[in-house]
Amino acid sequence: MNIPKFFLATSNYFLVVLFSFYTPFILAFDWQKIPPPQHFPAAKELLLVLYQENPETFYCGCAFNKKGQINKDQCRVSLNLPNDMFTLEWEHIVPASLLGADLECWQTSTCSIKQAKTHRDCCQKTSKQFQLREANLYNLVPSIKYANRKRSNFKPGLIAHKEHAERVCGFLIDKRQRIMEPDDSLKGFIARTYLRLNEIYQFKLSPADRKLYYQWAAAFPPTEWEIKRELIINKIYAVE
């Protein structure tokens, strides 16, 4: 897989300093010996290990342990939800529906596997291409079930009438327009992920969305954890 470079939409001196600072710590574990995951279940297992460096969910900031168990009392926001909504899931920043849309397994009305109930299910069972796309580590973040379900496959964007939007931890959603607007703290990460995966997989991205994501990527530089995560995943994919 041809993985674009990390500093795709950002040029900032402090990133170089952080890169140099973190490299010795990351090299303490030989991630280069870990092969890239070939399917989604393998990616989830690997990410659970990787995220012990920062065991916190992406949107709601809930702590989780080595077994993937969420501590609902340790979230950055107070959430009065049923226990099952605190299940740890691995969310695709770029939705699987967008990654699979151009593949035959997603476009055909009848799957060659009779047990397949959805396009995604069909692609998971019949397409190696889709399996690799679904397992792309750059695109996966930990999320509690509640936030993952609420985000759905809504695209990142700007919500015009925020007073009518629903707040879900670190983002707003407009169900009618099917848009999610992340908080500023998440916009850069999400934008860089969309731009990176679009360069790899060439899924449909409107000029307006592309422009917005470049703006977000430039305006909201990576956090220390985003950089460290990037370096670890680069090792797995053998990106220099």
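Derivation of every value follows stated rules applied to the coordinates shown; laboratory data play no part. Since the model is a prediction, treat every value here as computed from it, not as a measurement. Cβ: placed from backbone, ideal geometry, glycine included. Neighbour counts: every protein chain shown.
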Legend entry - R0 of 45 Å, Cβ-Cβ distance S206-D73: FRET efficiency to nearest 0.05: 0.60
Inset, instruction - Excluding residues on the same chain fewer than 8 positions from K145, give the lysines whose Cα lies under 22 Å from its Cα. - result: K44, K66, K67, K72, K117, K155, K175, K187
Legend entry - Residue-averaged 222 nm ellipticity for the chain, from DSSP H runs of 4+ at -39500 (n - 2.57), nearest 500: -12000 deg cm²/dmol
Legend entry - Residue among A63, A43, A208 with the largest mean-square fluctuation in a Gaussian network model of the chain, springs linking Cα atoms under 10 Å: A208
Legend entry - [x] 46, 46, 37; [y] 59, 47, 32; [z] 52, 44, 40, with the label sought being that of the calculated Cα extents along the principal axes in Å: [z]
Inset, instruction - Pick out which of P41, P55, P207 has the largest mean-square fluctuation in a Gaussian network model of the chain, springs linking Cα atoms closer than 10 Å. - result: P207
Legend entry - Student exercise, the stretch 36-232 dipole from Lys, Arg, Asp, Glu Cβ charges, in Debye to nearest 20: 460
Legend entry - Charge dipole of the chain about the Cα centre (unit charges at C-beta), most positive-ward option of S152, C105, V141: C105
Inset, instruction - Could you calculate the contour length gain from Q215 to T110, that is, 0.36 nm times the residue separation minus the distance between their Cα atoms, to one decimal place in nm? - result: 33.8 nm
Inset, instruction - Specify the inter-centroid distance of the stretch 177-210 and the stretch 53-104, based on alpha-carbon positions, in whole Å. - result: 19
